[in-house]
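Visitor: One structure, as structure tokens, below. Some questions next.
The values are calculated or read from the model by the stated rules, or taken from the named source; none is laboratory data. Predicted, not measured: the structure shown is a model, and the values here were computed from it. Positions of Cβ are generated from backbone atoms using ideal geometry, with glycine treated the same way; all protein chains shown enter the neighbour counts.
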Amino acid sequence: MDWISAISEAGPRIAPHIRRTPVITADLPSLPPLAFKLEHLQHTGSFKPRGAFNTLLSQSVPAAGVVAASGGNHGAALGHAARALGHPARIFVPELAGPAKIALIRATGADLTVVPGVYDNALAAARAYEAETGAMQVHAFDAPATVAGQGTLFAEWEDQGLDADTVLIAVGGGGLIGGAAAWLGTRRRIVAVEPANAPTLNRALAEGPETEVAVSGVAANSLGARRIGRIGHDLCRAAGVASVLVADEDIIAAQALLWRGLRQWVEPGGATALAALISGAYRPAPGERVAVLVCGANPAPDPLSETPH
């Protein structure tokens with residue numbers, strides 16, 4: 001597949017429907033100067049609308065609408081995109097998604113079903129609904145249109161003047177890191193950062209793409225896929241993506257640092273890339289220019305959930 005063309009075509013296609021998220025450079029305590037892209041300021045609080053809009057705008061959507069399984073952010077993005085484009089949406093989420101993300105999906109107007117268990121249980125339910133109704137399945141991460149949509153983030157970042165040798169990116173199912181590898185290739189060093197409690201890509205790179213892992217921990221509702229997407233896996237391998245793991249306590253520390261240092265309150269998955277620097281899981285060489293993607297802003301609980309109206 002010609003990924004550069006696919007991403008280049010996706011950019012103008014989705015531009016009317018997404019935000020061009022800001023980039024900043026900041027000095028944080030005990031860290032070198034870092035470039036950040038604040039993609040958590042995207043609609044619905046994550047990068048996911050890029051892939052959702054690209055999918056719905058590049059394919060014929062049946063009258064039955066769309067269906068998806070989601071840990072939370074994908075469901076919110078697809079519900080948002082479907083409502084904007086006038087399509088029915090049915091979203092299946094595991095209980096693990098948590099009340100904040102469940103409420104976010106409901107707010108998009110999508111029909112929502114909460115499934116006992118983990119993401120794979122929600123995916124099985126979504127596939128059964130697809131077979132029953134003829135709705136179009138929109139996979140959270142392992143589909144070409146999804147990966148190309150996520151790749152627009154990195155095309156946009158370079159257009160904004162990305163000046164980095166190395167880019168740190170959190171990994172769940174592989175759609176985002178796949179989009180990075182598809183666009184950046186080997187022109188920049190890509191470092192995949194995962195929780196030690198959800199080492200999906202890390203294990204797959206070591207043991208093969210069919211490897212399944214148990215997932216748990218503070219970022220499991222956004223970075224908790226048990227198996228990496230095949231598209232993302234293959235793109236990462238081709239681009240020579242490096243993989244590091246971080247502990248939950250380092251993710252929490254990164255979350256706190258983003259708030260204290262930048263006044264950006266993000267979910268654990270959104271702070272995971274920065275955790276690689278805090279923990280020392282990734283140590284830049286002297287003079288190495290490093291950029292960090294902040295990808296998700298839907299913490300649990302919602303910080304305003306108890307605010308009176």
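Visitor: In the stretch 211-221, which residue that is assigned to a loop (DSSP other than H, G, I, E, B), among the aliphatic types (A, V, I, L, M) and touching a helix residue (DSSP H, G or I) at 6+ places or on another chain (Cβ under 8 Å) is surrounded by the fewest Cβ atoms within 10 Å (Cβ to Cβ)?
Guide: Val213
Visitor: Output the residues belonging to the stretch 76-120 that are aromatic (Phe, Trp, Tyr) and modelled with pLDDT under 90.
Guide: Matches in the stretch 76-120: Tyr119 only.
Visitor: With the structure loaded, tell me whether Pro62 is in contact with a helix residue (DSSP H, G or I) (Cβ under 7 Å, 6 or more places away or on another chain) and touching a residue at least 12 places away in the same chain (Cβ under 8 Å) or whether it fails that test.
Guide: Taking the combined requirement at face value, the residue does not satisfy it.
Visitor: Which of the numbered conditions does Ser216 fail, given that it passes all the others? Conditions: (1) more than 16 Å from the chain's Cα centre (by Cα); (2) modelled with pLDDT of 95 or more; (3) under 17 Å from Pro195 (Cα atoms).
Guide: Failing condition for Ser216: (2).
Listed here are the residues, each with its yes/no results for (1) buried (at least 19 other Cβ atoms within 10 Å of the Cβ); (2) polar (S, T, N, Q); (3) assigned by TED's automatic domain parsing to the domain that holds Pro199; (4) part of a loop (DSSP other than H, G, I, E, B).
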site: Leu245; (1), (2), (3), (4): yes, no, yes, no
site: Glu249; (1), (2), (3), (4): no, no, yes, no
site: Ala254; (1), (2), (3), (4): yes, no, yes, no
site: Gly261; (1), (2), (3), (4): no, no, yes, no
site: Leu274; (1), (2), (3), (4): yes, no, yes, no
site: Gly287; (1), (2), (3), (4): no, no, yes, yes
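Visitor: Still on this structure, I have one more. Would you mind finding the one in Ala84, Ala135, Ala103, Ala89 that is under 21 Å from the mean Cα position of the chain (by Cα), surrounded by 19 or more Cβ atoms within 10 Å (Cβ to Cβ) and not β-branched (Val, Ile, Thr)?
Guide: Ala89
Visitor: Now for a different question. Take the stretch 24-44 and flag every residue that is surrounded by fewer than 18 Cβ atoms within 10 Å (Cβ to Cβ) and more than 20 Å from Gly75 (Cα to Cα).
Guide: Within the stretch 24-44, Ile24, Thr25, Ala26, Asp27, Pro29, Ser30, Leu31, Pro32, Pro33 meet the criteria.
Visitor: Exactly one of these conditions fails for Arg90: (1) touching a His at 6+ places or on another chain (Cβ under 9 Å); (2) more than 24 Å from Ala155 (Cα to Cα); (3) without any contact (Cβ under 8 Å) to a residue 60 or more places away in the chain. Give me its number.
Guide: (1)
Visitor: Right, another one. Is it fair to say Arg106 is closer than 25 Å to Val215 by Cβ and without any contact (Cβ under 8 Å) to a residue 12 or more places away in the chain?
Guide: Answer is yes for this residue.
Visitor: Out of everything in the stretch 171-210 that is in a strand (DSSP E or B), hydrophobic (A, V, I, L, M, F, W, C) and in contact with a Ser or Thr (Cβ under 7 Å, 6 or more places away or on another chain), what residue ends up being surrounded by the fewest Cβ atoms within 10 Å (Cβ to Cβ)?
Guide: The qualifying residue surrounded by the fewest Cβ atoms within 10 Å (Cβ to Cβ) is Val191.
Visitor: Within the stretch 1-45, how many residues turn out to be of a type in the set (A, V, I, L, M, F, W, C) and in contact with a Phe, Trp or Tyr (Cβ under 6 Å, 6 or more places away or on another chain)?
Guide: Qualifying residue count for the region: 3.
Visitor: Which residue is modelled with the lowest pLDDT, if the candidates are limited to the stretch 138-170 and must be under 17 Å from Ala89 (Cβ atoms) and crowded, with 24+ Cβ neighbours inside 10 Å?
Guide: Of everything passing the filter in the stretch 138-170, Ala140 is modelled with the lowest pLDDT.
Visitor: Scan the stretch 222-241 and tell me whether some residue there is within 21 Å of Leu38 (Cα to Cα), part of a helix (DSSP H, G or I) and of a type outside the set (D, E, K, R).
Guide: Yes: one or more hits.
Visitor: Based on this model, can you work out whether His80 counts as in the same structural domain as Ala225 (by TED's automatic domain parsing) and in contact with a helix residue (DSSP H, G or I) (Cβ under 8 Å, 6 or more places away or on another chain)?
Guide: Taking the combined requirement at face value, the residue does not satisfy it.
Visitor: Something else about it: Given (1) closer than 21 Å to Trp157 by Cα; (2) in contact (Cβ under 8 Å) with a residue 60 or more places away in the chain, where does Leu258 come up short, assuming only one miss?
Guide: (2)
Visitor: What's the total number of residues in the stretch 272-294 that are of a type in the set (A, V, I, L, M, F, W, C), touching a residue at least 40 places away in the same chain (Cβ under 8 Å) and over 15 Å from Ile24 (Cβ atoms)?
Guide: Number of matching residues: 5.
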